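Engineer: Here it is, the structure, as structure tokens.
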Amino acid sequence: APDDPPTNITLTPRSRSFTATLNSPRKPNGIISTYESNIHNLDTGENKLQNYTVLFTNTLVSIATINITDLEPFTNYSITVRAYTSGGESPWSGASSKPTLEA
């Protein structure tokens, strides 16, 4: 399992989704195959998890991109992410917060 969490999560909002760009764990201890996000709706207090296969990984700089979908428009969210290898999961990242755009 990765020793450390993903870092530098940057959220690009749309009305019902975010594109998240993040740095992979520095010590992945294997090949990262999946990311999981914990999506916290700051307006309602609801939480949900989403799993993503890696859409793009630049192995030279260890940057990954995931799409966080099925969100409510014009809503404040806090997102944390963890990475998975065949050996298990990393710790959760620090939170990144941003509102989605109006519909």
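Engineer: Can you find, within the range 1-16, the residue that is farthest from the chain's Cα centre (by Cα) among those that are surrounded by 15 or more Cβ atoms within 10 Å (Cβ to Cβ) and part of a strand (DSSP E or B)?
Structural biologist: Ranking the qualifying residues of the range 1-16, first place goes to P13.
Engineer: For residues in the range 87-103 being in contact with an Asp or Glu (Cβ under 8 Å, 6 or more places away or on another chain) and within 17 Å of P5 (Cα to Cα), which is least open to solvent (accessible area, probe 1.4 Å)?
Structural biologist: S90
Engineer: Can you find even one residue in the range 65-86 that is under 15 Å from P2 (Cα atoms), out of contact with any Pro (no Cβ under 7 Å at 6 or more places or on another chain) and exposed (fewer than 12 other Cβ atoms within 10 Å of the Cβ)? Walk me through how you get there before you give the answer.
Structural biologist: To start, the set of residues in the range 65-86 that are under 15 Å from P2 (Cα atoms) comprises 81-86.
From what is left, the residues that are out of contact with any Pro (no Cβ under 7 Å at 6 or more places or on another chain) are 84, 86.
Filter once more, so that each one left must be exposed (fewer than 12 other Cβ atoms within 10 Å of the Cβ): 86.
The answer is yes, given that some residue of the range 65-86 is under 15 Å from P2 (Cα atoms), out of contact with any Pro (no Cβ under 7 Å at 6 or more places or on another chain) and exposed (fewer than 12 other Cβ atoms within 10 Å of the Cβ).
The values are calculated or read from the model by the stated rules, or taken from the named source; none is laboratory data. Not measured: the values here are computed from a predicted model. Positions of Cβ are generated from backbone atoms using ideal geometry, with glycine treated the same way; all protein chains shown enter the neighbour counts. SASA here: full protein model, heavy atoms, side chains in, ligands and nucleic acids out. Shrake-Rupley method; radii C 1.70, N 1.55, O 1.52, S 1.80 Å.
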